[in-house]
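This report concerns only the one structure given below.
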């Protein structure tokens, strides 16, 4: 039986979210070359190089969302104080990652500048992180249910 704070899936999911946030932050700090490297499209890279606000705002929102999701992963694992609506948040986070991972074909036309490599790699990453959140959430609440029984 796994105890709170020993949920390796949620800890790994949180670590992945922190790493993804850091990579996105790198795009803001290092600009167009990083946007290109990560496959965000030439338009985003050029806007970043021109000093336009749009790439920074969009990428900052992604960074903030990933950081909040990482905190919910840590909360669900029991390594930090329990955050409000943790169970619901983890279900939603898992669902969003998994949905993003499988729906990339439908999303691709909305972002024609993004490379196929970007879509395949980012979708694989989303499936992986979503799987970690889902497994960790299931593990955490199956343990708690067993303790309450």
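The values are calculated or read from the model by the stated rules, or taken from the named source; none is laboratory data. Since this is a predicted model, take the numbers as computed values, not measurements. Reconstructed Cβ throughout: ideal geometry from the backbone, glycine too, with neighbour counts over all protein chains shown.
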Residues in region 26-38: is at least one in contact with a helix residue (DSSP H, G or I) (Cβ under 6 Å, 6 or more places away or on another chain), free of Cβ contacts under 8 Å to residues at least 24 places away in the same chain and not in a helix (DSSP H, G or I)?
yes
Quick check: anything in region 58-72 free of Cβ contacts under 8 Å to residues at least 60 places away in the same chain, more than 30 Å from residue 90 (Cα to Cα) and crowded, with 16+ Cβ neighbours inside 10 Å?
no
If residue 124 meets every condition in (1) loosely packed, with under 13 Cβ neighbours inside 10 Å; (2) within 19 Å of residue 9 (Cα to Cα); (3) modelled with pLDDT under 95 apart from one, which number is that one?
(3)
Restricting attention to region 76-96, does a residue exist that is under 20 Å from residue 124 (Cα atoms) and either more than 15 Å from the chain's Cα centre (by Cα) or without any contact (Cβ under 8 Å) to a residue 12 or more places away in the chain (or both)?
yes
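Only one residue in 131, 31, 136, 78 is on the phi > 0 side of the Ramachandran plot and at pLDDT 95 or above. Which one? Give the steps one after another, and end with the answer.
Details: 131 fails: on the phi > 0 side of the Ramachandran plot; 136 fails: on the phi > 0 side of the Ramachandran plot; 78 fails: at pLDDT 95 or above.
Only one candidate passes the filter, namely 31.
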